[in-house]
Each structure stands twice: as C-alpha cells, then as structure tokens.
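To start, the structure itself, in structure tokens.
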Amino acid sequence: HEITYFDETDSTQYTAHKLAQEGAKEGHVVIANEQTKGKGRLGRQWFSRKGTSVSMSLILRPELPPQKTPQLTLLTAVSVVRGLKKATGIDCDIKWPNDILINGKKLVGILTEMQADPDRVNSIIIGIGMNINQHHDDFTPEIRELATSVALVKGKNVDRAKIIAAVLNEFEQLYDLYIERGFDLIRPLWEAHSVSVGTFIYARTMREVIYGFAKGITEDGVLLLEDEKGKVHEIYSADIEI
Ligand code: BTN
C-alpha cells in the first residue's frame, strides 16, 4: 500500500477524494492522527481527538457496477471486526450497514463514498473511524453514553499501529477474495457478526420509520425488512434501532 499520513488534517475522506482525482492507485490509504472536520454518515460530524482514535480512508478502484458498492461497506465491517479481534482479542458486533458495536455502544463507524471520474475507473473511498484510546471524558456529552473505545473495553490503552496493520491486512485478504470470487464468501462472515439480522428492528429511512423483522441481506447488501403486514421492504440506507 501507499500510505499518506497526516498528524492533522480536516478529513481523510476529503484528502482521499483529492488524491483519487489526482490518480492515486487502488489501495492507497490516508491516515490521520487527528481530523478537525471529520465526516460521519448523513452529514453528521465525526469526532476524533489527537492520539486517541484511528481515522483512515482507503481508495479503491474496483470494476464494479455502482449498485454493488454496499457490498464493500459490509466487507469493510467484517475486516474491522476480524482485525480488532486479532490485534486486541475483543469481539464486536456489526449493525447494518456499517456500525461496529460492543455491548450496544459504537466503537467504529464506516463511511463509503463514490467518486465518478469520466477519465478513469470510478473510485470508492471507504472511511473508517475507530475509537481506540478514548476515555469517558474524551467523548462529547452528546455521544458519551452511545460510544465506547477499545481502551474502555480492555481497561487499558492499546497500540493503534497494531490495530491499523491488522485491519488493513484483513481487508486486503477479503478484498482479494471478493474480487476473485464475489460476495458469496463474504456474506456468511458478515452474517456471523451481525446483530441486526434475525431480529425485530426499527429502520429510520429518509422518508419513514419501518418496524419489522430483519430477514437478511441480499446479494447487493440491501437489508430485507418484513413489516407487520408481511410486506418485505428493501432498505438501502437507514438508521437502525434494535
Ligand atoms: C459514521 O458512522 O457516521 C461514519 C463515520 C466515519 C468516520 C471516518 S474517520 C475516517 C474518515 N474520514 C472522515 O472524515 N470520516 C471517515
């Protein structure tokens, strides 16, 4: 991998988009020790204080139809869970589509964005924000009860570089497998860690809130939700409450 490292940047996501426009190769990773304008899903802010979190963005250039992009988010979630397990021994859960939780609290967020470029294969930028060495007071009051970190779970600070290496290593292996053999081998890995499938959930989409039974995910990573009338909704993007 080529790695671009910043002690401080606005957002690794913006930087990765810029590098992709300038022709960065597949596998290029942008890592920052601190982001001053970290970006979350749905226009939210993402907080990352110096020295505590891991903020990174991967540039990918797969030759995939755009509707398959959600598969890469799911693949990333599996890589993070496996990397964290290897590097720290902790077991975490995946909440569709892209949150990594421990005991119901958020440990990692993933943000997948596409960049269309007429001159070359489109790029996909996958941002991963991991809470590693935050202590309770490092989180802002609004998220303090909703978020957790590896240090809070383990009771001690951990080596961030080791976690970055483990997650990137898992990602690389799964991504190669995915490019060669498709999503079929990735899906069961995702399902094994998922807490949002096989249970009743609320899905808050842009338009409505649907309550129902999450039956599973489709080949394209779309969530299938059966409401109380038995109608099955295909959920492309939503906030899930379990
Ligand atoms: C979410 O759960 O809302 C997604 C959070 C994604 C945060 C990461 S940190 C690295 C990359 N750079 C950003 O500005 N955002 C993503």
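The values are calculated or read from the model by the stated rules, or taken from the named source; none is laboratory data. These numbers were taken from a predicted model, which means no experiment stands behind them. Cβ sites come from the backbone with ideal geometry, for glycine too, and all protein chains shown count toward neighbours.
Considered as a group, the residues in region 10-44 that are within 9 Å of the ligand (Cβ to nearest atom) and among the polar types (S, T, N, Q) include one that is farthest from ILE143 (Cα to Cα), and that residue is THR15.
Here is a yes/no grid of residues against (1) under 17 Å from ARG160 (Cβ atoms); (2) charged (D, E, K, R):
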| position | (1), (2) |
| --- | --- |
| GLU2 | no, yes |
| GLN21 | no, no |
| GLN35 | yes, no |
| LYS39 | no, yes |
| LYS50 | yes, yes |
| SER57 | yes, no |
| ARG61 | no, yes |
| THR69 | no, no |
| VAL78 | no, no |
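Suppose we keep only residues that are modelled with pLDDT under 95 and under 21 Å from ASP220 (Cα atoms) within region 85-111. Which one would you say is surrounded by the most Cβ atoms within 10 Å (Cβ to Cβ)? Filtering first and then ranking leaves TRP96. Among the residues making up region 182-199, those that are without any contact (Cβ under 8 Å) to a residue 40 or more places away in the chain and outside any helix (DSSP H, G or I) are GLY182, GLY198.
Evaluation of ARG82 against the conditions (1) under 22 Å from HIS193 (Cα atoms); (2) modelled with pLDDT under 95; (3) not acidic (Asp, Glu) shows that the sole unmet condition is (2). Of the residues contained in region 115-128, one or more are found to be more than 12 Å from the ligand (Cβ to nearest atom), at pLDDT 95 or above and either part of a strand (DSSP E or B) or of a type in the set (A, V, I, L, M) (or both).
The rows are residues; the columns are (1) within 10 Å of the ligand (Cβ to nearest atom); (2) touching a Lys or Arg at 6+ places or on another chain (Cβ under 9 Å); (3) more than 19 Å from ALA151 (Cβ to Cβ); (4) among the small types (Gly, Ala, Ser).
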site: PHE6; (1), (2), (3), (4): no, no, yes, no
site: TRP46; (1), (2), (3), (4): yes, yes, no, no
site: LYS50; (1), (2), (3), (4): no, no, no, no
site: THR69; (1), (2), (3), (4): no, no, yes, no
site: LEU75; (1), (2), (3), (4): no, no, yes, no
site: ARG82; (1), (2), (3), (4): no, no, yes, no
site: ILE94; (1), (2), (3), (4): no, no, yes, no
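Exactly one residue out of ILE201, ILE186, ILE125, ILE143 is crowded, with 19+ Cβ neighbours inside 10 Å and under 24 Å from LYS39 (Cα atoms): that is ILE125.
Scan region 217-236 for residues that are among the small types (Gly, Ala, Ser) and surrounded by 14 or more Cβ atoms within 10 Å (Cβ to Cβ) and the total you get is 1. Please indicate, with yes or no, whether at least one residue in region 201-219 is free of Cβ contacts under 8 Å to residues at least 24 places away in the same chain, in a helix (DSSP H, G or I) and within 20 Å of the chain's Cα centre (by Cα). No.
Of all residues assigned to region 172-181, none qualifies as being part of a loop (DSSP other than H, G, I, E, B), assigned by TED's automatic domain parsing to the domain that holds SER57 and more than 27 Å from LYS105 (Cα to Cα). Inspection of region 170-183 identifies at least one residue that is surrounded by 18 or more Cβ atoms within 10 Å (Cβ to Cβ) and over 21 Å from GLN67 (Cα atoms).
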